[in-house]
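Visitor: Take a look at this one; I'll ask things after.
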């Protein structure tokens, strides 16, 4: 498995999937415009549109539907998580966790993106079970990666690169906004199961 190196102390790891997997996800997005929705921001118990902070078009699927369509991506995530937990074994000393929330394919036009600093578990009812985040860049975007505030790291937006990181405030992040390139990602969460 090809990896992207980050400092071990960052708790961010990167793994590459094949370009063909990325192409399948992008093609699925393009062929299903009737399933597209606006990207929303989570504010406590409700979601709202706020284009100053986040502007995107999304296609959302349940984990079962998603992995029935994209078994190869599911295998990639399984292998990536296994390696992540070998590096950070204490992340696995917790309640059982798995992908239970919907998985998103997100599309950003030039000048769009997740512009504000945020993290994936803000304690609200929808996000409080989130343990780890996964995100895969589906195309190359120069200066279109992800900035991690406390780690001082900006990941590159390289086609096939999947990042895994903790969902807490320690990994506050935002997207780099490309002025002239479009960007596709797939993203979701490993959440605790009661």
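The values are calculated or read from the model by the stated rules, or taken from the named source; none is laboratory data. Bear in mind that the values here come from a model prediction, so they are computed numbers and not experimental data. When we count neighbours, we look across all protein chains shown, and the Cβ atoms used for this are built from the backbone with ideal geometry, even at glycine.
Visitor: Consider segment 48-68. How many of its residues are out of contact with any helix residue (DSSP H, G or I) (no Cβ under 7 Å at 6 or more places or on another chain) and either modelled with pLDDT of 95 or more or closer than 24 Å to residue 164 by Cα (or both)? Before the answer, list the steps.
Guide: Pass one, segment 48-68, residues out of contact with any helix residue (DSSP H, G or I) (no Cβ under 7 Å at 6 or more places or on another chain): 48-58, 60-66, 68.
In the following step, the residues that additionally are either modelled with pLDDT of 95 or more or closer than 24 Å to residue 164 by Cα (or both) were identified as 53-58, 60-66, 68.
Total meeting the criteria: 14.
Visitor: For residue 95, are the conditions met, namely being loosely packed, with under 12 Cβ neighbours inside 10 Å and in contact (Cβ under 8 Å) with a residue 60 or more places away in the chain? Spell out the reasoning first.
Guide: Values: loosely packed, with under 12 Cβ neighbours inside 10 Å: yes; in contact (Cβ under 8 Å) with a residue 60 or more places away in the chain: yes.
Yes: the conditions hold for residue 95.
Visitor: A further question follows. If you check residue 74 against the conditions, is it surrounded by fewer than 21 Cβ atoms within 10 Å (Cβ to Cβ), at positive phi and free of Cβ contacts under 8 Å to residues at least 60 places away in the same chain? Write out each step before concluding.
Guide: Working: surrounded by fewer than 21 Cβ atoms within 10 Å (Cβ to Cβ): yes; at positive phi: no; free of Cβ contacts under 8 Å to residues at least 60 places away in the same chain: yes.
Taking the combined requirement at face value, the residue does not satisfy it.
Visitor: When you scan segment 5-40, how many residues do you find that are crowded, with 17+ Cβ neighbours inside 10 Å and at pLDDT below 95?
Guide: Matching residues across segment 5-40 total 2.
Visitor: Residues in segment 21-29: is at least one touching a helix residue (DSSP H, G or I) at 6+ places or on another chain (Cβ under 8 Å) and free of Cβ contacts under 8 Å to residues at least 24 places away in the same chain?
Guide: no
Visitor: Condition test on residue 81, is it in a helix (DSSP H, G or I) and surrounded by 21 or more Cβ atoms within 10 Å (Cβ to Cβ)? First the steps, then the outcome.
Guide: Values: in a helix (DSSP H, G or I): yes; surrounded by 21 or more Cβ atoms within 10 Å (Cβ to Cβ): yes.
Criteria met by residue 81.
Residue-by-condition table, conditions (1) under 15 Å from the mean Cα position of the chain (by Cα); (2) closer than 19 Å to residue 21 by Cα:
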| residue | (1), (2) |
| --- | --- |
| 69 | no, yes |
| 74 | yes, yes |
| 87 | no, no |
| 95 | no, no |
| 104 | yes, yes |
| 109 | no, no |
| 139 | yes, yes |
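Visitor: Still on this model: Is at least one residue of segment 143-161 closer than 19 Å to residue 4 by Cβ and at pLDDT below 95?
Guide: Scanning segment 143-161 turns up at least one residue that is closer than 19 Å to residue 4 by Cβ and at pLDDT below 95.
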